[in-house]
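The values are calculated or read from the model by the stated rules, or taken from the named source; none is laboratory data. Note that the structure is a prediction, hence the values are computed from the model and not measured. Quick reminder, even Gly has a Cβ in these numbers, built from the backbone with ideal geometry, and neighbours come from all protein chains shown.
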């Protein structure tokens, strides 16, 4: 009997039923078919009400012929172990998504890891989008720490992906600003939001587009510009190891645009392609 990982997030994160999932996806823009050639993307992982549209657009940029999607989340500090979900399949409102057990075993053979038993949004939030856009694809559930392990993971995924159609989703939000998140600055709320978007988030996204995995890890550590930089570093390292030649920013948004609160989060999407 298959071990199935059940939904861990509350209903407010993403819809609980098939019709609502399909309705949301039908209303959001998706990448044009002629531009859906990406091998890897970086997308946000807030609740769908905040960043679902941007995550959907980013994931839709991946080559539709992929057979497996490695969804790399984070929320792990430097020095923590790589985490992998051990289940055979993952529950979504669109049905179960099968795990790629063969690829998981290959990663486990070459990188030290631990089973991911925690409920965490950085991977789960994307599974219904994957099921909708890539109904035949298998999934590898990973969470990468904010250190060189993430870069090693990206390189290993590229090596293990030789001979198979593999895509990578790196899942991270950007600057978490405000007293709730422990990041504040003098000045007005508007000036702080502009700093977060135009300086802090921009610096991180520019390093993603430059495909500087080590640089983006350092930027996040020094500036609190991403909550899961290891996920972004893994996507960048995968793209570089594959020999991709281009990176393009797909969009930017912020929770501040929906609620002018003193606590807000930035969201960005980047695609990597041949």
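Which ones in region 184-193 are in contact with a helix residue (DSSP H, G or I) (Cβ under 7 Å, 6 or more places away or on another chain) and free of Cβ contacts under 8 Å to residues at least 12 places away in the same chain?
185
Can you say whether residue 164 is surrounded by 14 or more Cβ atoms within 10 Å (Cβ to Cβ) and assigned to a loop (DSSP other than H, G, I, E, B), as far as the supplied structure shows?
no
Condition check ((1) over 30 Å from residue 176 (Cα atoms); (2) crowded, with 22+ Cβ neighbours inside 10 Å; (3) without any contact (Cβ under 8 Å) to a residue 40 or more places away in the chain) across all residues:
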{"site": "63", "(1), (2), (3)": "yes, no, no"}
{"site": "70", "(1), (2), (3)": "no, yes, no"}
{"site": "83", "(1), (2), (3)": "no, yes, no"}
{"site": "110", "(1), (2), (3)": "yes, no, no"}
{"site": "119", "(1), (2), (3)": "no, no, no"}
{"site": "123", "(1), (2), (3)": "no, yes, no"}
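In region 127-155, which residue that is in a loop (DSSP other than H, G, I, E, B) and either free of Cβ contacts under 8 Å to residues at least 12 places away in the same chain or in contact with a helix residue (DSSP H, G or I) (Cβ under 6 Å, 6 or more places away or on another chain) (or both) is surrounded by the most Cβ atoms within 10 Å (Cβ to Cβ)?
144
Which is surrounded by fewer than 18 Cβ atoms within 10 Å (Cβ to Cβ), part of a loop (DSSP other than H, G, I, E, B) and either at negative phi or touching a residue at least 60 places away in the same chain (Cβ under 8 Å) (or both), of 10, 19, 46?
The conditions single out 10.
How about region 181-193: which of its residues are under 24 Å from the mean Cα position of the chain (by Cα) and more than 26 Å from residue 235 (Cα to Cα)?
182, 183, 193 - these are the residues of region 181-193 that are under 24 Å from the mean Cα position of the chain (by Cα) and more than 26 Å from residue 235 (Cα to Cα).
Out of region 173-193, which residues are assigned to a helix (DSSP H, G or I) and surrounded by fewer than 14 Cβ atoms within 10 Å (Cβ to Cβ)?
179, 180, 190, 191
Name every residue in region 212-253 that is farther than 17 Å from residue 202 by Cα and surrounded by fewer than 24 Cβ atoms within 10 Å (Cβ to Cβ), in order of residue number.
Initial filter on region 212-253 (farther than 17 Å from residue 202 by Cα): 230-231, 234-235, 237-246.
Listed by number, the residues that qualify are 240, 241, 242, 243, 244, 245, 246.
List the strands (runs of 3 or more DSSP E) that sit entirely inside region 61-119 and contain at least 2 residues that are within 25 Å of residue 224 (Cα to Cα).
Of the strands (runs of 3 or more DSSP E) lying wholly inside region 61-119, those with at least 2 residues that are within 25 Å of residue 224 (Cα to Cα) span 68-73, 82-84.
Do we find a residue being surrounded by fewer than 22 Cβ atoms within 10 Å (Cβ to Cβ), touching a strand residue (DSSP E or B) at 6+ places or on another chain (Cβ under 7 Å) and modelled with pLDDT of 95 or more anywhere in region 52-61?
Looking for residues that are surrounded by fewer than 22 Cβ atoms within 10 Å (Cβ to Cβ), touching a strand residue (DSSP E or B) at 6+ places or on another chain (Cβ under 7 Å) and modelled with pLDDT of 95 or more, one finds at least one in region 52-61, hence yes.
On the basis of being more than 20 Å from residue 99 (Cβ to Cβ), under 16 Å from the mean Cα position of the chain (by Cα) and modelled with pLDDT of 95 or more, does residue 150 make the cut?
yes
From the list 196, 158, 221, which one is part of a helix (DSSP H, G or I), out of contact with any helix residue (DSSP H, G or I) (no Cβ under 7 Å at 6 or more places or on another chain), touching a residue at least 24 places away in the same chain (Cβ under 8 Å) and within 25 Å of residue 113 (Cα to Cα)?
When all the criteria are applied, what remains is 221.
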